[in-house]
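S.K.: A single structure is presented below for examination.
The values are calculated or read from the model by the stated rules, or taken from the named source; none is laboratory data. Owing to the predicted nature of the structure, the values given are computational and were not obtained by experimental measurement. Here the Cβ is made from the backbone with ideal geometry for all residues, glycine too, and neighbour counts use every protein chain on show. We work out accessible area using only protein heavy atoms, side chains counted, and drop any ligands, DNA or RNA first. Shrake-Rupley method; radii C 1.70, N 1.55, O 1.52, S 1.80 Å.
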Amino acid sequence: PAPPNHQERSSLQVPVVHRDAVFPPAPGAPPGGLLRLRHGADAGHYTVQLASLHPTAAADDDDRLRSPVLSGLPFDSGEYFAVIGVGDPSTRALVVIDTGSDLIWLQCAPCRHCYRQMTPLYDPRSSSAYRRIPCASHRCRRDVLRYPGCDARTGGCVYMVMYGDGSASSGDLATDRLVFPSDTHVHNVTLGCGHDNRGLFESAAGLLGVGRGNLSFPTQVAAAYGRVFSYCLGDRMSRAKDSSSYLVFSRTPELPSTAFTPLRTNRRRPSLYYVDMVGFSVGGEPVTGFSKASLALDPATGRGGIVVNSGTAISRFARDAYAAVRDAFNSRAAAGGMRKLDTNFSVFDACYDLRGRGHATVRVPSIVLHFAGGMDMALPPANYLVPVEGSDRRTYFCLGLQAADDGLNVLGNVQQQGFGVVFDVELERIGFAPNGCSA
């Protein structure tokens, strides 16, 4: 079958909308996402704003396309959304940007089991570009699609995808047209038309898989835009329209502040973007007391390494590494006047009152992540102090990191927010640029 074809374009940029979520949630996480413990929001106000996010927004003069961004606070959970159109004529859709998976899928009429979404339900019967993929297609093989099947009645390929948090989607494998800003069309895109869907994707129309596999969107458009894309995930707490977040497919000029670390490949999980971490600093001092081997990828076992994942909210590190960082932070936080609470909030076991004693100013310890190749990622406080609401309705702050016991360390989107992140498969590297959204 022919690959996706496209209108000629130097880059393909997608509007981005934030929403809090987890990948996968830790035991004990509340339904709907890790960051549910926060202030309320007016969902009706955001419904009106969503209506204005049309996928045919005007292009910037330099042919790189930017569109408004909405915070995901009213949705009560943490992914970031891309705004696209699906079909011909197109239906507007908010899709989760997920670097941790490959398949593009949407909830699809007729829907046997669908959750609530914020945009209209995609109906392939109204699209002149929709085509079912036959069972005999190479795209319906296990080496391409993890769980393929065949509808004996129609001869059409069917799919199933399952996620670590129990979410799932199944339906017909098909091709259709995707529409991006400035009326950029990408035809013949392989996607899932999900008739049965469940899990923590509420509000999203589906998922845009941007992993490294054969069916991911970057792979499908690689002939036109190269095997490189970048994004900047804006302030998750913002309640206003924000045009600074972006998702762009193609090689674009790198910010001078971009620092790169080698991209690793885990043959046991080849679709994921792995990097090696070499340590942490807290309050300007290196963190000790843990095995650095737990942060490095072991090619033989597939354990270790760090997955850069837009679909995870909170970063997770091997338990000994997490405990060492937490203890170092607790020690320096106490010296800076931060009062540690005796109670935990949800999955967080290090929470603080930042008001200080006697109205004194507190000093928040810095956190720096150190990666292979000499790349350092200095986190702003907003990227590791997560606001939560106590039973007294006051706001406290928790150290926004977790322990991982499954050998899968993850750099989540809370820690990535505000950084320009470059996924450069061609040159086998991943780059981070501080203040990347405002550049």
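S.K.: Please list, in chain and number order, the residues 5+ apart from Gln13 or on another chain whose amide H is under 5 Å from its amide H, with Hs placed from the backbone.
M.R.: When sequence neighbours closer than 5 places are left aside, the close amide H contacts are Leu65, Phe249.
S.K.: Please list, ordered by chain and number, the residues whose modelled amide H lies under 5 Å from the amide H of Leu200; skip anything fewer than 5 residues away on the same chain.
M.R.: Ser167
S.K.: Now for a separate question. Within the range 106-135, list the trypsin sites (Lys or Arg not before Pro) lying in a DSSP loop whose Cβ has at most 14 other Cβ atoms in a 10 Å radius. Could the numbers behind the result be given before it?
M.R.: Values: sites: Arg112, Arg116, Arg125, Arg131, Arg132; in loops: Arg112, Arg116.
Taking the range 106-135 and a limit of 14 other Cβ atoms within 10 Å, the loop trypsin sites (Lys or Arg not before Pro) found are Arg112, Arg116.
S.K.: While we're here: Find out how many positive minus negative residues lie around Cys108, taking Lys and Arg as positive, Asp and Glu as negative, among other residues whose Cβ is under 9 Å from that of Cys108.
M.R.: Numbers: positive: none; negative: Asp123, Asp172.
For residues surrounding Cys108, the net value is -2.
S.K.: Compute the signed sum of charges (Lys and Arg +1, Asp and Glu -1) over the other residues within less than 13 Å, Cβ to Cβ, of Asp342. Provide the component values of the computation, followed by the final result.
M.R.: Details: positive: Arg339, Lys340; negative: Asp349, Asp353.
Overall, the nearby charge balance is 0.
S.K.: Taking 8 Å as the Cα distance limit and 6 or more residues as the minimum spacing, I'd like the relative contact order of the range 168-254 as a percentage. The partial results should precede the final answer.
M.R.: Working: 105 pairs, mean separation 16.6, N = 87.
It comes to 19 percent, rounded to a whole number.
S.K.: A further question on this structure: For the range 221-354, what does the relative contact order come out to in percent, with C-alpha contacts under 8 Å and a separation of six or more? Walk me through the numbers before you get to the answer.
M.R.: On the way: 156 pairs, mean separation 19.9, N = 134.
About 15 percent, as a whole number.
S.K.: ³J(HN,Hα) across the range 404-412 via Karplus (A = 6.51, B = -1.76, C = 1.60, θ = phi - 60°), whole Hz, x for Gly/Pro?
M.R.: 3J(HN,Hα) across the range 404-412, in whole Hz: 10, 10, 10, x, 10, 8, 9, 9, x.
S.K.: Let me ask something additional. Using θ = phi - 60° and the Karplus curve 6.51 cos²θ - 1.76 cosθ + 1.60, what whole-Hz ³J(HN,Hα) does each residue of the range 258-271 get, with Gly and Pro shown as x?
M.R.: So the Karplus estimates, Gly and Pro as x, are 5, 10, 10, 10, x, 8, 9, 10, 9, 5, 7, 9, x, 7 Hz.
S.K.: Let me ask something additional. Ordering Met162, Met377, Met118 by accessible area with a probe of 1.4 Å, largest first, what comes out?
M.R.: Details: Met162 100, Met377 0, Met118 40 Å².
Correct descending sequence by accessible area is Met162, Met118, Met377.
S.K.: Can you tell me how the range 165-273 classifies by the Cα gyration tensor, rounded, prolate or oblate, using a/c under 1.5 as the rounded cut?
M.R.: Numbers: a/c = 1.37, a/b = 1.24, b/c = 1.11.
Here the range 165-273 falls in the rounded category.
S.K.: Spelling out what I want: for every residue of the range 187-204, take phi, set θ = phi - 60°, compute 6.51 cos²θ - 1.76 cosθ + 1.60 (Karplus), and round to whole Hz; glycine and proline get x.
M.R.: 9, 6, 7, 6, 8, x, 9, x, 8, 10, 9, 8, x, 9, 8, 3, 5, 7
S.K.: Could you sort His195, His370, His138 by accessible area so the largest value comes first, with the probe set to 1.4 Å?
M.R.: His138, His370, His195
S.K.: Counting Lys and Arg as +1 and Asp and Glu as -1, what is the net charge of the other residues whose Cβ lies under 14 Å from the Cβ of Pro381? Intermediate values should be presented prior to the final figure.
M.R.: On the way: positive: Arg236, Arg332, Arg363; negative: Asp235.
With Lys, Arg at +1 and Asp, Glu at -1, the neighbours total +2.
S.K.: Another one. Report, by chain and number, residues whose modeled amide H sits under 5 Å from the one on Thr99, excluding near sequence neighbours (fewer than 5 apart, same chain).
M.R.: So Thr99 has HN proximity to Val210, Ser310, Gly311.
S.K.: Separate question: For the full complex of protein chains and a 1.4 angstrom probe, list Glu389, Glu285, Glu428 by accessible area with the highest value first.
M.R.: Numbers: Glu389 55, Glu285 100, Glu428 125 Å².
These residues rank, largest area first, as Glu428, Glu285, Glu389.
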